[in-house]
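Below: the structure, in structure tokens.
All of the numbers you see were taken from the coordinates with simple rules; none came from a lab. In this text the structure is predicted, and so the values were computed from the model without any measurement. Ideal geometry is used to build each Cβ from the backbone, glycine not excepted, and the neighbour counts take in all protein chains shown.
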Amino acid sequence: MSTIQSTLRQYQNLVISGVIILFCVVGILFAAVPSIAKIQEMVQTTVTLSGEIRTLSEKQSALQNLDEISLREQLANALSAVPAERSFPTLFETVEGVAAQTNVAIKSMNLAGGTTLATPSASKISATEKKIGTRTVPFTITVEGGMSALENFITLTPNVRRLLRIKTFSITFPKDISPITISVDMDAFYEPLPTSVGKTKAILPTLTAADEEVITKLSQLPLVTTQTTEAPPPLIGRVKSDPFSP
Amino acid sequence: MSDINLLQRKAGAFEQFSELERKLRVVSVWLLSGLFLGGLVIGVTFLVLNGRIRSFEMEKVTLARDINAQTTKEGLLLSLKDRVGIAAKALDAAKPWGKLFPILNEIAPNGGFLSLTIEESGRVSADMEAFSVDDAVLYVANLMLLFEDRKIRSPQLLSFALLETGRIHMSVSFYPTFAP
């Protein structure tokens, strides 16, 4: 016992130094290193949060600068050009309006192809629609009128607010000035509105110069329907009271 | 003569031990000081970063709440952006066929067209009647002129027949470019 005591006494300073070094090594390994790793993680979190806050600030600022009334008006115009549904009433009214303005008589109008009665989003997209990039209501119209009236009809048809596309038509030119009848295959465009907004962090899209140009062009196109354009139903951000309603 | 050295050649074990002890003490003091200072720096950094993260998270929550309060505006903008993109595609797909009639007038100013068919691909096929070979040549020359002006592309003479009446029946096809 006395041997141990004398040995400890002899090596006391060495033992103390050794214990301190051991304590420091253990401290470095089990406290400092994990703490540094944690700090690195926290720095990374700070950078990420800072970026997110910048994005959110920009988004909030952009949203605050938007004029809701103007947006509603522009969307109403755009929806009157390409509605969210097939909207047969506006389709018939537009065709009738164009015919009336160009002095041609509508002899018949047939909806071509199988038109599903399901909700627009449930209908399958054809290869042509995929190519164009939007859904269509194909129809055929037979009109009668003088040559210049028919020319006006062909000219005005793609230039009205409910956007229409002439696919095919044939004209047999008359020898005299008698009215002629032509059959025109056409498409009316429609596309359901998006039903959800992205995450809060999602970057807000901006309207480019090209978009503004399209908006201006659409607002300048004549609206030949008698139906008034109302502000669009805000599908986004609203919960339906009846989830089974269309 | 032999050398006599009374000093010890090597330091004694006690001195070596003392030297080791001194070095270890220095190392331990440095390590302990370093650990203390490092701990202090780490602690302060931790507190600062923790404060910043809390502050950022609070700011984020506030901003998210503000943004969520403007969901209607965001929805309107997204819908408008989507609709404008679709309308642009629809406008591109709708060819301005009204511009075809001035082209027809340029091909046959005296109205030599009998019939006209427009296909979905944009191809225009026309049956024409010319009163003379000169007229027929003029129609073809006009077609080529329009091609050179890039108003039409791929003009083709599909058929050319001299009728008993002396008139010429010809079929042509082309794609109008509707270039501005």
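Got a sec to turn the phi values of the stretch B:95-110 into Karplus ³J(HN,Hα) couplings, 6.51 cos²θ - 1.76 cosθ + 1.60 with θ = phi - 60°, whole Hz, x for Gly and Pro?
These are the phi-based 3J(HN,Hα) values: 6, x, 5, x, 6, 6, 5, x, 5, 4, 5, 6, 6, 10, x, 8 Hz.
Along each of the three principal axes of the Cα atoms of the stretch A:1-40, give the extent in whole Å, ordering the values from largest to smallest.
51, 15, 6
Label-point separation (nm) for B:LYS99 and B:LEU32, each offset 7 Å from Cα along Cα-to-Cβ?
According to this spin-label approximation, the distance is 9.0 nm.
Do you know the relative contact order of the stretch B:97-176, to the nearest whole percent, from alpha carbon pairs under 8 angstrom that are 6+ apart?
Reported as a whole number, the value is 32 percent.
May I ask for the Kirkwood hydrodynamic radius of the stretch B:29-180, worked out over all distinct Cα pairs and given in angstroms to one decimal?
Result for the stretch B:29-180, one decimal place: 22.1 Å.
I'd like the mean, over residues of A:187-198, of how many other protein chain beta carbons sit within 10 Å of each residue's own Cβ.
4
Estimate the FRET efficiency between A:LEU207 and B:ARG52 by the formula 1/(1 + (r/R0)^6), using the beta-carbon distance for r and 60 Å for R0, to the nearest 0.05.
Efficiency at R0 = 60 Å is approximately 0.95.
State the dimensionless ratio Rg/Rh of the protein assembly as shown (Rg: radius of gyration of Cα atoms; Rh: Kirkwood radius).
On the way: Rg = 42.0 Å, Rh = 29.3 Å.
Rg/Rh for the protein assembly as shown comes to 1.43.
Which FRET efficiency value, to the nearest 0.05, is calculated for B:GLU106 and A:THR216 with the Förster distance at 22 angstrom and r the Cβ-Cβ distance?
0.10
Please work out the FRET efficiency for the pair B:VAL137 and B:SER173, using the Cβ-Cβ distance as r and a Förster radius of 25 Å; give the result to the nearest 0.05.
0.85
Given the C-alpha atoms of chain A, compute the convex hull and give its volume per residue in Å³. Spell out each step's value before the answer.
Details: hull volume 61.5 nm³, N = 246.
Normalising the Cα hull of chain A by residue number yields 250 Å³.
Going by C-beta contacts inside 10 Å, put B:ILE118, A:ILE203 in order with the fewest on the left.
Going from least to most buried by this count: A:ILE203, B:ILE118.
Please work out the ratio of the alpha-carbon Rg of the stretch A:21-137 to 2.2 N^0.38 Å and round it to two decimals.
Dividing the Cα Rg of the stretch A:21-137 by 2.2 N^0.38 Å gives 2.28.
So what is the relative contact order for chain A, in percent, with contacts set as C-alpha pairs under 8 Å and at least six apart?
24
Could you derive backbone 3J(HN,Hα) for the stretch B:134-140 from the dihedral phi with the Karplus parameters 6.51, -1.76 and 1.60 (θ = phi - 60°), listing whole Hz in sequence and x where the residue is Gly or Pro?
4, 4, 4, 5, 4, 4, 5
Express in % the proportion of alpha carbon pairs of the stretch B:97-176 at distances exceeding 21 Å.
Of all Cα-Cα distances in the stretch B:97-176, 20 percent exceed 21 Å.
Can you give the relative contact order of chain B as a percent, counting alpha carbon pairs under 8 Å and 6+ residues apart?
15
Which helices of chain A meet both criteria: a Cα extent of 27 Å or more along the helical axis and a mean Kyte-Doolittle score no lower than -1.0, with helices taken as whole DSSP H segments?
Details: long enough: A:33-65 (48 Å, -0.16).
Helix filter hits for chain A: A:33-65.
Please list the radius of gyration and Dmax for the stretch B:1-94, considering alpha-carbon atoms only, with Å as the unit.
According to the Cα coordinates of the stretch B:1-94, Rg and Dmax are 37.8, 123 Å.
Residue by residue through the stretch A:177-184, what is 3J(HN,Hα) from phi via Karplus (6.51 cos²θ - 1.76 cosθ + 1.60, θ = phi - 60°)? Round to whole Hz and write x for glycine and proline.
3J(HN,Hα) across the stretch A:177-184, in whole Hz: 9, 5, x, 10, 10, 10, 10, 10.
Could you tell me the number of lysine pairs in chain A with C-alpha atoms less than 24 Å from each other, where the two lysines are 8 or more residues apart or belong to different chains?
Pairs that pass both the separation and distance tests number 11.
Return the long-range amide H neighbours of B:SER115 (sequence gap of 5 or more, or a different chain), with a cut-off of under 5 Å between placed amide H atoms.
A:PHE173, B:ASP127
What's the average, rounded to a whole number, of partner chain beta-carbon atoms within 10 Å of each residue's beta-carbon in A:165-176?
Per residue, the number of nearby Cβ atoms from other chains is 6 on average.
What is the average number of partner chain Cβ atoms found within 10 Å of a Cβ in A:88-96?
Whole-number average of other-chain Cβ neighbours for A:88-96 is 0.
Would you calculate the separation in nanometres between label points at A:ILE180 and B:PHE17, each defined as 7 Å from the Cα along the Cα-to-beta-carbon direction?
Those two pseudo-labels are separated by 12.4 nm.
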